[in-house]
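Since every read-out is calculated from the coordinates, none of them should be taken as a lab result. Computed from a predicted structure; not experimentally measured. Cβ placement follows ideal geometry from the backbone for every residue including glycine, while neighbour counts extend to all protein chains displayed.
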Amino acid sequence: MPENSALRDVVAALPKVELHVHLVGSAGIETVTSLARRHPASGVPTDAAQLREFFTFRDFDHFLKVYWAVQQLLRDSTDIHTLVTGLAADLAAQNCRYAEVTVTPYNHLLDGIPGDELLTGLATGRAAAAEEHGVDLAWCFDIPGEKGTKAGKETLVFALTNRPEGLVSLGLGGPEVGVGRAQFEPYFTAAREAGLHSVPHAGETTGPATIWSAVHDLGAERIGHGTSCTSDPALLEYLGTHGIPLEVCPTSNVCTRQVPSIEAHPVRRMLDHGLLVTLNTDDPPMFGVTLNGEYLAVAETLRLRPAELARLARNGVEASFLEGPARAGLLAEIDRTLAR
């Protein structure tokens with residue numbers, strides 16, 4: 001137990017970043033309860049115990065249904081602001097200093113939120129996150145892949161037309177099965193030409209071919225999940241040689257039944273092959289996880305030493321799109337923390 005306590009202290013002390021967290025999926029019990037009571041016709045439970053049951057997933061498709069139900073609670077800038085500041089408070093509690101948060105504008109607009117309301121909520125929430133919680137938020141606008149190329153085009157247009165402060169990347173989420181990555185190539189090419197980074201999901205619920213497509217067709221600079229990469233030696237070699245980071249979300253993969261347990265998760269093989277692994281939460285309250293909890297779970301399972309934990313924290317910063325003094329300062333703070 002003392003050893004476990006010491007490990008917890010190391011994890012808590014390390015400054016961290018979060019590179020794979022969905023804004024809608026970040027809504028904690030308190031936030032969802034508040035939103036559900038504000039919008040009682042939504043059908044989302046307003047009782048905390050019922051919400052926890054609501055968040056118990058049978059499989060990936062069931063998770064998506066719950067996710068979409070929560071998304072429909074967001075109607076205006078006040079709701080978005082509430083969601084952003086709730087996420088910032090949770091990140092600050094994990095000693096997370098910077099996060100690249102995935103937002104899906106197309107779905108919000110489809111659900112009836114005016115574009116200016118969405119942008120206002122993001123802007124005011126981002127300012128409050130920095131001022132009240134000391135957390136720097138950046139945005140990844142992602143395409144809901146299951147809605148096809150129309151969603152791709154409209155997401156790109158919305159991103160480039162409005163270009164909110166803090167927008168750093170274009171992503172691709174939603175179900176992977178039957179949703180080829182290559183069809184979104186024109187939108188990722190245009191986004192990269194406009195200075196946005198490419199960070200599609202790939203290889204979470206499908207095989208290595210999806211990851212290859214994300215790299216070759218979408219110019220992926222980071223891979224969301226990438227869980228299946230370890231089944232293809234050539235892909236492992238490619239990802240390692242080209243330094244393409246993986247946004248690994250172990251507990252998420254267990255909860256959506258993509259892997260049976262943390263012990264069975266391929267993160268060990270990823271690290272053994274020298275891949276740039278980052279640890280992330282995906283949809284933290286929905287999966288009952290925290291960023292510190294992910295670090296601790298992987299550290300205990302893989303028997304990591306403090307220096308290896310610090311390496312994971314550094315990986316997150318190095319894989320991020322944080323720049324300049326802020327990036328250098330965070331890396332230096334990680335080194336100082338390890339030295340102590």
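A few points about this structure:
- Hey, A307 in contact with a strand residue (DSSP E or B) (Cβ under 8 Å, 6 or more places away or on another chain), of a type in the set (A, V, I, L, M, F, W, C) and in contact (Cβ under 8 Å) with a residue 12 or more places away in the chain or not: no
- Single match in L91, L110, L73 (criterion: free of Cβ contacts under 8 Å to residues at least 40 places away in the same chain and of a type outside the set (G, A, S)): L110
- Conditions (1) within 25 Å of A190 (Cβ to Cβ); (2) more than 13 Å from the chain's Cα centre (by Cα); (3) buried (at least 20 other Cβ atoms within 10 Å of the Cβ): number failed by T256: (1)
- Screening D59 with (1) under 17 Å from T155 (Cβ atoms); (2) out of contact with any Pro (no Cβ under 9 Å at 6 or more places or on another chain); (3) in contact (Cβ under 8 Å) with a residue 60 or more places away in the chain; (4) not hydrophobic (A, V, I, L, M, F, W, C) gives one miss only, at (1).
- Selection status of A264, in contact with a strand residue (DSSP E or B) (Cβ under 6 Å, 6 or more places away or on another chain) and of a type in the set (A, V, I, L, M, F, W, C): no
- Taking the criterion of being of a type in the set (V, I, T) and either free of Cβ contacts under 8 Å to residues at least 12 places away in the same chain or assigned to a helix (DSSP H, G or I) (or both), the residues of segment 220-255 that qualify are T227, T230, T241, T251, V254.
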